[in-house]
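These notes concern the structure reproduced below.
The values are calculated or read from the model by the stated rules, or taken from the named source; none is laboratory data. Quick caveat, the model's predicted, so the values are computed rather than measured. With ideal geometry, Cβ positions are generated from the backbone for all residues, glycine too; neighbour counts draw on all protein chains shown.
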Amino acid sequence: MLSDKQKEIILSTVPLLREGGVALTTHFYNRMFTHHPELKNLFNMGNQQSGKQQTALALAVLAYAENISNPAVLMPAVDLIGHKHTSLNIQPEQYEIVGMHLLASIKEVLQDLATDEVLDAWKAAYGQLAQLMIGHEAKMYQDKEQTVGQWVGWKNFVVQRKEKESTEITSFYLVTEDGSEAPNFIPGQFVSVKVFLPGINLTQIRQYSISCAPNKNYLRISVKRERNEKLDVNGMISNFLHDEVHEGSVLSLSAPAGNFTLQNLFSKKVFISGGIGQTPLLSMLEYLEDTSDKNELVWIHACRNADVRAFSDSIDSIAETNVRLKQHQFYDVVDETLAEKGVYKGMLDFSKIDKWQFESNAEYYICGPKPFIEKAVKELTENKVSEEHIFYEEFGPKSI
């Protein structure tokens, strides 16, 4: 239990964390991987390479320090991280490793500023946070063990079918190797996929949104091929799935997880996606199409051009048979004559949509790159849409 004096000490380190948090977390990761190189198989080395993970941890440590007197306000973040951790099968002993190297890094980076009092306070603070996380994740693991069709750890799935959705995106239809039913899940959730990359001699784990509605037959993930010449580890995994995983291949999957899911606030749902960000929203759309005839639905998608747009036939088919669905498409390059068909030129711009209104009594679901999400959220909130009605998923470490 943190004393009031220790809380004061933690708060006194907030300016240091604001100024040098990334330097601290960078030192921490380097130190931990030096002593425990096996953890490179667990951590996302692509996000390590880009610096995203170091930044995300620095922001998390700062948020914890700023709210040290009332860590309960961080429970939404704790739940989000818990979903990610249980999908990676994180265990309590790994918190001990992280704590040891985080405290050592504080001492090594802050040097004379890391007095015994500061170190003792942060030791107590980390212990408090670790117990909060471990307890929350223990309940999540217990729920998985007690839910029919769920599991803890890894389960083998067979690639039943590969289907090209666009010039960049391919879907993988996955069935259980043991012949059991596909697991149930909440639309919007993801699974972790574990693969070995010979090129870097490491096992890596990535999360992919489930892109179909729940059914008893299969899970579907849809993966974008990366064409950047300077391919990072994240791109290597996506391309490995495209190039090396074929129909009949076996993949190790975690049970579905994630809290970016459909709510039940209003009957109107607005789905706003950029690029591959449409995958969790497609799961939601297909689910609502299968289970409800009372929702008013709006589908807004932005991508570079028609060639890279995935699932166009599926969404067009739903729109043709469902008068409750209105569809709007943005392309970087487009023939202006297509505007009559709900196709617009340029980046997402609500003002271009015919008869568009920002409605307060609607749910808004947003997924895509960070700048895309930030722009959409900014426009919605500036037009009197409550933040409580806006839900978004940022792929990768959280930075928004």
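Below, the figures for the structure above:
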item	result
Exclusive hit being at pLDDT 90 or above, buried (at least 18 other Cβ atoms within 10 Å of the Cβ) and of a type outside the set (V, I, T), set E363, E388, E379, E394	E363
Every residue from the range 99-115 that is without any contact (Cβ under 8 Å) to a residue 40 or more places away in the chain, part of a helix (DSSP H, G or I) and not acidic (D, E)	G99, M100, L103, K107, Q111
Criterion (part of a strand (DSSP E or B) and not assigned by TED's automatic domain parsing to the domain that holds I315) met by exactly one of S209, S238	S209
Hits in the range 165-200 (condition: of a type in the set (D, E) and closer than 13 Å to T279 by Cα)	E165
Residue in the range 250-264 that is modelled with the highest pLDDT, counting only those that are loosely packed, with under 14 Cβ neighbours inside 10 Å and farther than 17 Å from Y208 by Cα	Q263
G135 vs. criteria free of Cβ contacts under 8 Å to residues at least 60 places away in the same chain, more than 25 Å from the chain's Cα centre (by Cα) and assigned to a helix (DSSP H, G or I)	no
Selection status of E108, exposed (fewer than 15 other Cβ atoms within 10 Å of the Cβ), in contact with a His (Cβ under 9 Å, 6 or more places away or on another chain) and in the same structural domain as T25 (by TED's automatic domain parsing)	yes
Count of the range 168-195 residues which are loosely packed, with under 15 Cβ neighbours inside 10 Å and either in contact with a helix residue (DSSP H, G or I) (Cβ under 9 Å, 6 or more places away or on another chain) or closer than 18 Å to L241 by Cβ (or both)	1
Test set (1) closer than 27 Å to F190 by Cβ; (2) in contact with a strand residue (DSSP E or B) (Cβ under 7 Å, 6 or more places away or on another chain) - S312 fails condition number	(2)
Failed item, numbered, when I68 is tested on (1) touching a Lys or Arg at 6+ places or on another chain (Cβ under 6 Å); (2) β-branched (V, I, T); (3) in a helix (DSSP H, G or I)	(3)
Qualifying residue in the range 286-301 (condition: in contact with a strand residue (DSSP E or B) (Cβ under 9 Å, 6 or more places away or on another chain), within 22 Å of Y208 (Cβ to Cβ) and in a helix (DSSP H, G or I))	yes
Candidate set: the range 259-285, residues that are touching an Asp or Glu at 6+ places or on another chain (Cβ under 9 Å) and in a strand (DSSP E or B); chosen: the one farthest from S171 (Cα to Cα)	K268
Residue, farthest from the chain's Cα centre (by Cα), within the range 1-21, restricted to residues that are of a type in the set (S, T, N, Q) and within 10 Å of A125 (Cβ to Cβ)	Q6
Test: residue in the range 139-154 that is touching a residue at least 24 places away in the same chain (Cβ under 8 Å), assigned to a helix (DSSP H, G or I), out of contact with any His (no Cβ under 8 Å at 6 or more places or on another chain) and of a type outside the set (V, I, T)	yes
Residue count, the range 23-55 (criterion: surrounded by fewer than 17 Cβ atoms within 10 Å (Cβ to Cβ) and either of a type in the set (K, R) or part of a helix (DSSP H, G or I) (or both))	11
So R225, is it charged (D, E, K, R), assigned by TED's automatic domain parsing to the domain that holds S180, in contact (Cβ under 8 Å) with a residue 12 or more places away in the chain and within 30 Å of H136 (Cα to Cα)	no
Pairs where the first residue, in the range 301-313, is of a type in the set (K, R) and the second is assigned to a loop (DSSP other than H, G, I, E, B), C-beta under 8 Å, 6+ apart	R304/D332; R304/V333; R309/S166
Test: V118 is surrounded by 14 or more Cβ atoms within 10 Å (Cβ to Cβ), in contact (Cβ under 8 Å) with a residue 40 or more places away in the chain, of a type in the set (V, I, T) and closer than 21 Å to F33 by Cα	no
Pair list, Cβ under 6 Å, 6 or more apart: the range 22-49 residue farther than 17 Å from Y95 by Cβ, other residue among the charged types (D, E, K, R)	G46/D232; Q49/D232
Unmet requirement for N217, which otherwise passes all of (1) assigned to a loop (DSSP other than H, G, I, E, B); (2) within 23 Å of A302 (Cβ to Cβ); (3) modelled with pLDDT of 95 or more	(2)
